[in-house]
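Please read through the structure below; I'll follow up with questions.
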Amino acid sequence: MPSNETSVAQRFQNRSDAFWSGMRDAAGAPAMVLFAGMVGFGAMGKTNGFDVWFTSFTTFFMFALPGQVVLLEMAITGSSVLAIALAVTLTSTRFVTMTVTLFPQFHQKDRNRNLYASVHLLAMTAWAISMKEFHSIEVKHRLSYFVGLGLLCWLISIPGTILGFYLAEIGRAH
């Protein structure tokens, strides 16, 4: 039975190297696409009467654009908190599949309680790139790579949301 320690050429010298490589891989198209989507979400929040704090906190705490859109749309229509929570939860079920396919590829020593903090960085973009790249990354460096990749994607989304909110405000003033 093959072990999880697949033999691949050493791609990274250490965890820091893997982390920064993940950041670099996120810095191009992945970050631009997420940024643009969050600009649209920020504008959606503004044009529907939400404040910048609520709109940007959903990006900070949820970081799941489909769930965020469902949250705003249902709040706009006056849905109950229970209905909103259920709908947002259902839109997030895709993360179960992503989690059970990605996280077992991490080194055994990385699969502990600390991994729960990393799940917040799991988005379609980070999952897809990780799934593509992990075959060429030593198992011991996969978590660091994923965290670098996911962290940049998450961090770029917050200013994108705020920018979209204020761009929509400027557009309304003219």
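For helix 29-47, what angle does its Cα long axis make with the longest principal axis of the chain, in degrees from 0 to 90 and rounded to 10?
20
Something else now. Treat each spin label as a single point 7 Å out from the Cα along the C-beta direction, and report the Ser92 to Asp51 distance in nm.
With each label point 7 Å from Cα toward Cβ, the separation is 2.4 nm.
Next question. Per residue, what accessible area does the chain have, given a 1.4 Å probe and all protein chains present, in Å²?
So the chain comes to 54 Å² accessible per residue, rounded to a whole number.
With an 8 Å cut-off on Cα pairs and a minimum separation of 6 or more residues, tell me the relative contact order of the chain in percent.
Normalised by residue count, the contact order of the chain is 49 percent.
Assigning unit charges at the beta carbon (Lys, Arg +1; Asp, Glu -1) and nothing else, what dipole magnitude in debye, to the nearest 20, does the chain show about its Cα centre?
That gives a dipole near 280 debye.
Separate question: Over the heavy atoms of Leu90, what accessible area does a 1.4 Å probe trace out, to the nearest 10 Å²?
That residue has around 110 Å² of solvent-accessible surface.
Does anyone have the angle between helix 81-91 and the longest principal axis of the chain? Alpha-carbon axes, 0 to 90°, nearest 10?
40
Right, here's the next one. Can you list, bin by bin at 5 Å, the percent of alpha carbon pairs in the stretch 44-174, starting at 0?
Final binned percentages: 2, 10, 18, 19, 16, 13, 10, 7, 4, 2, 0, 0.
Next question. Rounded to the nearest 500, what is the chain's calculated 222 nm mean residue ellipticity when only DSSP H runs of at least 4 contribute -39500 (n - 2.57) each, over all residues?
-22000 deg cm²/dmol
Still on this structure, please answer the following. To the nearest 10 Å², what's Asp110's accessible area with a 1.4 Å probe?
20
Something else: Could you pull the Rg and Dmax for the stretch 49-116, using just the Cα atoms, both in Å?
For the stretch 49-116, the Cα-based Rg and Dmax read 15.3, 47 Å.
Next up: Computed over the Cα atoms of the stretch 118-174, what is the ratio Rg over Rh, Rh following Kirkwood?
1.23
Is the shape of the stretch 91-137 best called rounded, prolate or oblate, per the rule: a/c under 1.5 gives rounded, else a/b larger than b/c gives prolate, else oblate, with a ≥ b ≥ c the square roots of the Cα gyration tensor eigenvalues?
oblate
Next question, about the same structure. Please list log₁₀ I(q)/I(0) at q = 0.18 Å⁻¹ for the stretch 1-91, using the Debye equation with identical point scatterers on the alpha-carbon positions.
-0.84
The values are calculated or read from the model by the stated rules, or taken from the named source; none is laboratory data. Source: prediction; values computed, not measured. Cβ coordinates were reconstructed from backbone atoms using ideal geometry, including for glycine residues, and neighbour counts include every protein chain displayed. What goes into the accessible areas is simple: the full protein's heavy atoms, side chains included, and nothing from ligands, DNA or RNA. Shrake-Rupley method; radii C 1.70, N 1.55, O 1.52, S 1.80 Å.
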